Amino acid sequence: MQVSHMMSNRLVTVEMDDKISLVKDIFNHSKLHHLPVVENHQLVGLVSERDLLRALNPNVDNPLAKDSELVCLNKRVHQIMSRKVITITADSSLAQAASLLVERNIGCLPVLRDNQLVGILTWKDVLKSFITKA
């Protein structure tokens, strides 16, 4: 089975100069754990929940947080994103995708077709493919 059959093609992306407060809002109000970062419609990075948590002050959600503790929300995506993104093509096999996910210890693979971002494949998508086969 090809990656294109199991990937999510409903993409939510952010841009390099977006504030991480936007990333936090997206993660808080969706089931997403990774956001592709695009510039001029090209994939330039990836930001994960883990990246966000490392950048946030632990008191950021406290209603009594001081301004100095909230300043972290003004950081920009390019300051916390991963720039070396491992990708896969839409016509690759799910076996290839699974190998990459395991070997590189990553949670998702942005999917490209002709160097354009067309989807995202997570480890859960790969597991779902086994369930649908059974």
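Hey, can you tell me all the residues within segment 29-52 that are over 12 Å from the mean Cα position of the chain (by Cα), under 27 Å from ALA98 (Cα atoms) and not in a strand (DSSP E or B)?
Passing the criteria: SER30, HIS41.
Provide a single number: the residues in segment 1-15 that are surrounded by 15 or more Cβ atoms within 10 Å (Cβ to Cβ) and outside any strand (DSSP E or B).
6
Are any residues in segment 18-47 touching a helix residue (DSSP H, G or I) at 6+ places or on another chain (Cβ under 7 Å) and either of a type in the set (D, E, K, R) or over 22 Å from TRP123 (Cβ atoms) (or both), and if so, which ones?
ASP18, LYS19, ILE20, SER21, LYS24
Among the residues of segment 103-123 satisfying the criterion of being charged (D, E, K, R) and either surrounded by 19 or more Cβ atoms within 10 Å (Cβ to Cβ) or within 21 Å of VAL37 (Cβ to Cβ) (or both), which is farthest from the chain's Cα centre (by Cα)?
Checking each candidate, the answer is ASP114.
Please specify each residue of segment 22-65 satisfying the condition of being modelled with pLDDT of 90 or more, more than 17 Å from SER82 (Cα to Cα) and small (Gly, Ala, Ser).
SER30
Return only the number of the condition from (1) on the phi > 0 side of the Ramachandran plot; (2) in contact (Cβ under 8 Å) with a residue 24 or more places away in the chain that ASP114 does not satisfy.
(2)
Residue check: is VAL71 of a type in the set (A, V, I, L, M, F, W, C), at pLDDT below 95 and out of contact with any Ser or Thr (no Cβ under 8 Å at 6 or more places or on another chain)?
Here the answer is yes, as VAL71 does meet what is asked.
The values are calculated or read from the model by the stated rules, or taken from the named source; none is laboratory data. These figures come from a predicted structure and were not determined experimentally. Using ideal geometry, Cβ is built from the backbone for each residue, glycine included, and neighbour counts are taken over all protein chains shown.
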